[in-house]
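Shown below is the structure under consideration.
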Amino acid sequence: MTRAKRLEPVQHIVEEAQKRLAMSVAAFEKRVLEGEAKLVELERYKSEYEQGFSQRAGRGIGVAELRDYQAFLAKLAEAIKQQQALVNRARAEHQGERAKWQEALKRSKALGHVVERWQAEERHVSDRREQRDSDERAQRKTNRP
């Protein structure tokens, strides 16, 4: 068995690992995008709530309503803070997974280049052997009486 043939199973394993990591990167990216969308939605809701409250406050509100508003606004601010933390963690995980994938891709390409080089060398050796055999046959034909 040639060197290139012996390396093919390893190449297959490395390529499969790289493909799995690529899929994982895509899943992490999806989580980041979903988290960012939820964060934007929370911030938009907070802004709308503040605008609505300021319109009501212009008409006059009671102490209880003001206290409820402040409590709800504090909960919204905390939800936004937590969502921002989730988004930051998802981004960090995405970057980490992306770095792993890029390394796996480099290994896969490097291994592919090695296999290609070995295959080219093996073809060259085979071609030289065939040429030598052909030359020997031709030499024997010319040497026959």
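From A138, A57, A120, grab the single residue that is hydrophobic (A, V, I, L, M, F, W, C) and under 35 Å from the mean Cα position of the chain (by Cα).
A120
Would you tally the residues in segment 1-27 being under 21 Å from E122 (Cβ atoms) and not β-branched (V, I, T)?
Total meeting the criteria: 11.
For E41, are the conditions met, namely being under 33 Å from the mean Cα position of the chain (by Cα) and loosely packed, with under 13 Cβ neighbours inside 10 Å?
Criteria met by E41.
If only one of K109, K141, K100 is exposed (fewer than 10 other Cβ atoms within 10 Å of the Cβ) and in a helix (DSSP H, G or I), which one is it?
Step by step, each of K109, K141, K100 is checked, and only K141 is exposed (fewer than 10 other Cβ atoms within 10 Å of the Cβ) and in a helix (DSSP H, G or I).
Another one. Give E93, E41, E36, E48 a once-over and let me know the one that is within 29 Å of Q11 (Cα to Cα) and either in contact with a Gly (Cβ under 9 Å, 6 or more places away or on another chain) or acidic (D, E) (or both).
Only one candidate qualifies: E93.
May I pose another question? What are the pairs, 6+ residues apart or on separate chains, where a residue within segment 10-23 that is under 12 Å from L105 (Cβ atoms) and in a helix (DSSP H, G or I) has its Cβ under 7 Å from a residue that is among the small types (G, A, S) and modelled with pLDDT of 90 or more?
Going by the 7 Å Cβ cut-off, the qualifying pairs are V14/S108; E15/S108; A17/A104; Q18/A104; Q18/S108; L21/A104.
Please tell me if E122 is part of a helix (DSSP H, G or I), under 30 Å from T2 (Cα atoms), in contact (Cβ under 8 Å) with a residue 40 or more places away in the chain and of a type in the set (D, E).
yes
Testing R20 on (1) under 30 Å from R117 (Cα atoms); (2) surrounded by 13 or more Cβ atoms within 10 Å (Cβ to Cβ), one condition comes back false. Which one is that?
Going through the list (1) under 30 Å from R117 (Cα atoms); (2) surrounded by 13 or more Cβ atoms within 10 Å (Cβ to Cβ), R20 breaks only (2).
Within segment 11-32, take every residue that is in contact with a helix residue (DSSP H, G or I) (Cβ under 7 Å, 6 or more places away or on another chain) and of a type in the set (V, I, T) and give me the one that is nearest to N88 (Cα to Cα).
My answer is V32.
The values are calculated or read from the model by the stated rules, or taken from the named source; none is laboratory data. Predicted model only: the values in this text are computed from it and were never measured. Please note: Cβ atoms are built from the backbone with ideal geometry, for glycine as well, and neighbour counts cover all protein chains shown.
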